[in-house]
Amino acid sequence: MPSLPPCTLTLITPPLSALNARAFASTFAEVLAAAPAASALVRLAPGAQGEAKAILAPLLKAAVAAECALILENDARLAARLGADGVHVAGAGEALEEALDSLKPERIVGAGALRMRDEAMTAGEKGADYVMFGEPRGAALAMPLELLVERVAWWAEIFETPCVAYAESIEAAGRLARAGADFVAFETAIWNASSPVEAARQAQALLIEIAAEAR
């Protein structure tokens, strides 16, 4: 497997249910084979928790083969029960505290949907393994790129907790990597591309290029 650059690719799945999970799992495996990713955040569609085992099984197989950590959104108990590598929770409140108590140190606990600087600092202080900035959530849009670049640069300069930045496009990922993001997370920029595999390769090549510039 190619070595991972300093700023590393991570993936966010679309909301998965029994209706789309099988087709997606094939694409997911192809993308991981084409471009190494540090982790993948699995999102379940509303009401799909009862199908979670069947949805996650092929994704776990592909992730293990690619040495990619598989992280489940929101549900710490389900993540542990299904053998996921960790959980991603929204905010820095009770859900984060419960996930840290139940999963650490064996599994990863990350925090996202952190719109305010104080909230991100609280998540880091509580022991989150990473913070994520900029991802859309529900009806809320992704953070504007200029603000996101500023937030990433601020975090990278001051804090040691790794920072994940949501990239709406491959071009945006370049700016976020140069600002100091440890990881750039792709969702629609990969899965909605005419060739997700080629999009992932382009993203990986850009991150490697930026890493070379910094040497």
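Values quoted throughout were computed directly from the atomic coordinates according to the rules given, and no laboratory measurement underlies them. Remember, predicted model here, so these are calculated numbers, not experimental data. Reconstructed Cβ throughout: ideal geometry from the backbone, glycine too, with neighbour counts over all protein chains shown.
A few notes on this one:
- Treating each Cα of the stretch 92-164 as one equal point scatterer and applying the Debye formula with no solvent, the log10 of I(q)/I(0) at q = 0.12, 0.17, 0.20, 0.21 Å⁻¹ comes out as -0.31, -0.61, -0.82, -0.89.
- Proximal lysines to LYS53, defined as alpha-carbon separation beneath 28 angstrom and excluding residues fewer than eight positions away on the same chain: LYS61, LYS104
- Gained length - ALA156 relative to THR188, 0.36 nm times residue gap less alpha-carbon distance: 9.0 nm
- When DSSP beta bridges are restricted to pairs lying wholly in the stretch 8-214, around 5% turn out antiparallel.
- Pairwise label distance in nanometres, LEU147 with GLU67, each label 7 Å out on the Cα-Cβ vector: 3.8 nm
- Note on ASN20 and GLU209: their simple-model spin labels are 3.0 nm apart, each label 7 Å out from Cα toward Cβ.
- Spatial separation of Cα centroids for the stretch 39-65 and the stretch 145-176, in angstrom: 27 Å
- Neighbours of GLU30 by Cβ distance under 15 Å: Lys/Arg scored +1, Asp/Glu scored -1, total +2.
- Ignoring the sites themselves, the chain has its longest run without GluC sites (Glu not before Pro) in a DSSP loop having at most 14 other Cβ atoms within 10 Å at 1-66.
- Rg/Rh for the chain, where both radii come from Cα atoms and Rh is the Kirkwood radius: 0.94
- Value of Rg/Rh across the stretch 1-123 [Cα atoms, Kirkwood radius]: 0.97
- Other residues whose C-beta falls under 12 angstrom from the C-beta of LEU72 contribute a net charge of +2, scoring Lys and Arg +1 and Asp and Glu -1.
- Taking the stretch 64-84 and a reference point 7 angstrom along Cα→Cβ of ASP101, the backbone N atoms nearer than 20 Å belong to 74-81.
- Full-extension gain in nm, SER169 to GLU125, via 0.36 nm per residue minus C-alpha separation: 12.8 nm
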